[in-house]
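Student: One structure, pasted below without further comment.
The values are calculated or read from the model by the stated rules, or taken from the named source; none is laboratory data. Small disclaimer: the values here were computed from a predicted structure and weren't measured. FYI the Cβ positions are ideal-geometry reconstructions off the backbone, even for glycines, and counts take in every protein chain you see.
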Amino acid sequence: MRLLLILSIFFLSCTKYSKTNTPTAYRQTKTISYNNTRVDVVIDKPAVNDLDVLIIYHGTVLYDMFSLTAANTTLDSFKNILDRKDMMLVSVAYPGENLLFGDNIVQAEAALLWVKNSAANELGINVKKVFLAGHSQGGYLVTRLNTMHQTNGVIANAPGPLNLVYRCELEENGQVAVSVTCDKLRDVYGTTSVNPDAYFQRSLLNFTNGFKSDMLFVQGLNDSPIQLYSWPTFKQDVLNCTNCQSTQFVEVPGGEHPSLFTSPVAKTEFNNFINSR
C-alpha cells in the first residue's frame, strides 16, 4: 500500500511537470529589467522550448507612446522574411522621446543582456543562439551593440543616422526641414560649427570598428540623399576595420529605405546569414 502511494505521488508530480513544461506558442508584451534598466519587449515564441532568439529593434518614432506599435510592426516585418519558424523573436520597444539621440543604447543593451542572462529562467526556455537585427535607428543600435557584446550574428538594414554633423548642419542652414533629433542636440551642445565633435561621437560613423560578431549590412541605393551621402564612407571604414569579425554588405540597386523587407536578394542573404551561423 505504501509503495502504491509513493508511485501515485511520483506519477502525479511527473504529470504536473510535463504539463508545465509543454512547449506552447504565444505572443506577449513584457516589461523586462536588467541592471535596474526597464524596457518593454514584445515576445513571439514558437511551440518549442529549446530555441535560438532574434532580438529586433525598430526604427525611429517621435513619441514613446508609439514604441510598442513600432515594435509589433517591426517584429511582423522580420517574421515575414524569416524562413525559420523555430526561432523566438523579441522586439524591443526602446524609448527616445525624452532622450538625446543615442542615449537609448542603455535600454537596447538591457534587452540584449536580459535575453542572454535572464530570459531562460523567467520564460522557462533554453536559449541557444542569439542574433540581433535592426532597421534604421534600430540598425544604428545593433551596430553599436556589436561593439559592446558578442552574439551569434548581427543584421542592420539602412542603419543610421550615419553622420549627424552633416545632417544637423543641413538643418541649421535651412537646406532640409528641422528635426527633433537635431533640435535636442543643439539645445545641449550648440550648433555643429561650434561643437562638431559632440555630434560626431553620436554618429554611426564613430562606430565602425571593434565588431565582436559577424555582421550583415543591407542598404537600398535609392534611400534618402542624407543617408547615401555618408554611406560610401561608412562602408569603407567598416571594410578597413582590422579588429572586426567578418562583415558583409548587400546593396540593393533601386532599393529604398526598407530594402531588407522588399528585396528578394536581401531576404535570401538575411536567411543565409542566420542559417550559416
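Student: Taking the range 129-179 on its own, how many of its residues are of a type in the set (A, V, I, L, M) and within 14 Å of Gly102 (Cβ to Cβ)?
Tutor: So the count comes out to 7.
Student: Right, here's the next one. Within the range 154-162, is even one residue of a type in the set (A, V, I, L, M), over 27 Å from Lys116 (Cα atoms) and in a loop (DSSP other than H, G, I, E, B)?
Tutor: yes
Student: Is it the case that some residue within the range 79-94 is surrounded by 19 or more Cβ atoms within 10 Å (Cβ to Cβ) and over 21 Å from Ile274 (Cα atoms)?
Tutor: Yes, there is a match, as at least one residue in the range 79-94 is surrounded by 19 or more Cβ atoms within 10 Å (Cβ to Cβ) and over 21 Å from Ile274 (Cα atoms).
Student: For Leu185, state whether it is at pLDDT 95 or above and under 30 Å from Arg277 (Cβ atoms).
Tutor: No; evaluated as a whole, the condition is false for this residue.
Student: Something else: Take the range 95-128 and flag every residue that is among the basic types (Lys, Arg) and farther than 22 Å from Asn72 by Cα.
Tutor: Lys128
Student: Within the range 171-180, can one find any residue that is closer than 25 Å to Asn209 by Cα, out of contact with any strand residue (DSSP E or B) (no Cβ under 7 Å at 6 or more places or on another chain), in a helix (DSSP H, G or I) and in contact (Cβ under 8 Å) with a residue 24 or more places away in the chain?
Tutor: no
Student: Considering only the range 198-227, how many residues are over 18 Å from Thr181 (Cβ atoms) and more than 19 Å from the chain's Cα centre (by Cα)?
Tutor: Counting residues in the range 198-227 that are over 18 Å from Thr181 (Cβ atoms) and more than 19 Å from the chain's Cα centre (by Cα) gives 2.
Student: If only one of Gly210, Gly254, Gly220 is surrounded by 14 or more Cβ atoms within 10 Å (Cβ to Cβ) and small (Gly, Ala, Ser), which one is it?
Tutor: Just a single option satisfies the conditions, and that option is Gly220.
Student: Would you mind stating whether Lys30 is under 25 Å from Glu269 (Cα atoms), free of Cβ contacts under 8 Å to residues at least 40 places away in the same chain, outside any helix (DSSP H, G or I) and not small (Gly, Ala, Ser)?
Tutor: Considered against the rule, which asks whether it is under 25 Å from Glu269 (Cα atoms), free of Cβ contacts under 8 Å to residues at least 40 places away in the same chain, outside any helix (DSSP H, G or I) and not small (Gly, Ala, Ser), Lys30 comes out as no.
Student: Go through Leu204, Leu239, Leu260 for me and flag whichever is among the aliphatic types (A, V, I, L, M) and loosely packed, with under 14 Cβ neighbours inside 10 Å. Break it down stepwise before answering.
Tutor: Numbers: Leu204 fails: loosely packed, with under 14 Cβ neighbours inside 10 Å; Leu260 fails: loosely packed, with under 14 Cβ neighbours inside 10 Å.
Of Leu204, Leu239, Leu260, the one residue that is among the aliphatic types (A, V, I, L, M) and loosely packed, with under 14 Cβ neighbours inside 10 Å is Leu239.
Student: Please work out if Val61 is surrounded by fewer than 22 Cβ atoms within 10 Å (Cβ to Cβ) and closer than 22 Å to Cys168 by Cα.
Tutor: Yes, satisfied.
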